[in-house]
Amino acid sequence: MLSGNIMLRDIGNISLIKIGVIGAGRLGRALAWCLATHGFDIHAAASRTEEEARTLASRTRRCLVVSPQHVADTCDLIFITTPDDSIAPTANSIKWRSGTGVVHCSGATDVSALSKAASDGAWIGGFHPLQTFGDPTAAALTLPGCVVTIEASDELNDALSAIARRLGCKINLLPPGARGSYHAAAAYAGQFLNVLLAEAVRVWKSWGGTEEAALQALLPLMRGTVSSIETAGIARGMPGPVSRGDIGTVRKHLKSLSTVDEPAASFYRELAVRSVPLAREAGAISQETAAEIMQILRN
């Protein structure tokens, strides 16, 4: 068993770090497989079913399939990758060793969910890859290069940051108490894109179009917008009639959407109102034009 100080001092020597994973769902599998391909020793895994744990272990060198307690007893750094509601019950059910690291991978759950591990003398923290995990195999390949959000004590922060850097990930250090806001911010760039596209498809279907045709047309547009944001920033990279001060087109949009239904027009108004300050920030429209657009939208 490594002491905590030895673990941190030798974080660059991957052969000395025994990593355990509790929870072999999509995130757990993707993280374990990614760590294994980057030379980390995935020493032991546990999950709700032995089959899940064996699936995780199948792509590592010599990962043991054991109980959660055995993972805690034999590993130096343990990732709890269960569903959010199971993190605290899982941590509370285990007797932890002093000086080991216990980390959950939830974006929204407070690190205090691991308070039982802290009271047992372990170092606790959060290690959240800002990535989608619908397909664990694909996620294991795309995880390197993403942003990993870390919240931990200084001792554990150094170790987790070293792991993230070895994976080629960018690091976002999060202060205590900010996880709800952080995760909500991520939702706008994650799940709410699906909501926006669903609304666009609904409007597209109003004249008899199909979802397939809508996505063929709109996904390249979305990619182009993201590319513009990457090069020019949010405000200057924003396309559309508001950014051009095209008042007539804004009026036409509202008139057309009102024939679809009022929720469609209301949703458009809410988004358009929030686009006006961006257009002003980019210097694309005058204060007078901005005021006229706002009056149209609010009416």
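The values are calculated or read from the model by the stated rules, or taken from the named source; none is laboratory data. Not measured: the values here are computed from a predicted model. No Cβ is skipped: glycine too gets one built from the backbone with ideal geometry, and neighbour counts run over all protein chains shown.
Within the range 107-125, work out how many residues are free of Cβ contacts under 8 Å to residues at least 24 places away in the same chain and either touching a strand residue (DSSP E or B) at 6+ places or on another chain (Cβ under 7 Å) or outside the structural domain of Asp154 (by TED's automatic domain parsing) (or both).
1
From the set of residues in the range 162-175 that are touching a residue at least 40 places away in the same chain (Cβ under 8 Å) and part of a helix (DSSP H, G or I), which is surrounded by the most Cβ atoms within 10 Å (Cβ to Cβ)? Can you show your working first?
Residues of the range 162-175 touching a residue at least 40 places away in the same chain (Cβ under 8 Å): 162-163, 166-167, 169, 172, 174.
Those left that are additionally part of a helix (DSSP H, G or I): 162-163, 166.
Working: Ala162: 15, Ile163: 23, Arg166: 16.
Residue satisfying both the conditions and the ranking: Ile163.
Given (1) at pLDDT below 95; (2) among the aliphatic types (A, V, I, L, M); (3) surrounded by 14 or more Cβ atoms within 10 Å (Cβ to Cβ), where does Leu193 come up short, assuming only one miss?
It is condition (3) that Leu193 fails.
Looking at the range 28-52, which of the residues that are under 15 Å from Thr90 (Cβ atoms) and assigned to a helix (DSSP H, G or I) is nearest to the chain's Cα centre (by Cα)?
Across the range 28-52, the extreme among qualifying residues is Gly28.
Regarding the range 188-205, can at least one residue be identified that is part of a loop (DSSP other than H, G, I, E, B), closer than 24 Å to Ile17 by Cβ and under 13 Å from the mean Cα position of the chain (by Cα)?
No.
Go through (1) under 28 Å from the mean Cα position of the chain (by Cα); (2) touching a residue at least 12 places away in the same chain (Cβ under 8 Å) for Thr231 and report which single condition fails.
Answer for Thr231: the failing condition is (2).
Is at least one residue of the range 100-120 basic (Lys, Arg) and over 19 Å from Leu16 (Cβ atoms)?
Checked the range 100-120: at least one residue is basic (Lys, Arg) and over 19 Å from Leu16 (Cβ atoms).
Find all pairs meeting these conditions: Cβ atoms under 7 angstrom apart; at least six residues apart or on different chains; first residue within the range 251-272 and on the phi < 0 side of the Ramachandran plot; second residue surrounded by 13 or more Cβ atoms within 10 Å (Cβ to Cβ) and of a type in the set (Ser, Thr, Tyr).
Taking only residues 6 or more apart or on different chains, the pairs are His253/Tyr268; Leu254/Tyr268; Leu257/Tyr268; Val260/Ser206; Ala265/Ser258.
From Arg97, Arg62, grab the single residue that is assigned by TED's automatic domain parsing to the domain that holds Ala164, more than 26 Å from the chain's Cα centre (by Cα) and modelled with pLDDT under 95.
Arg62
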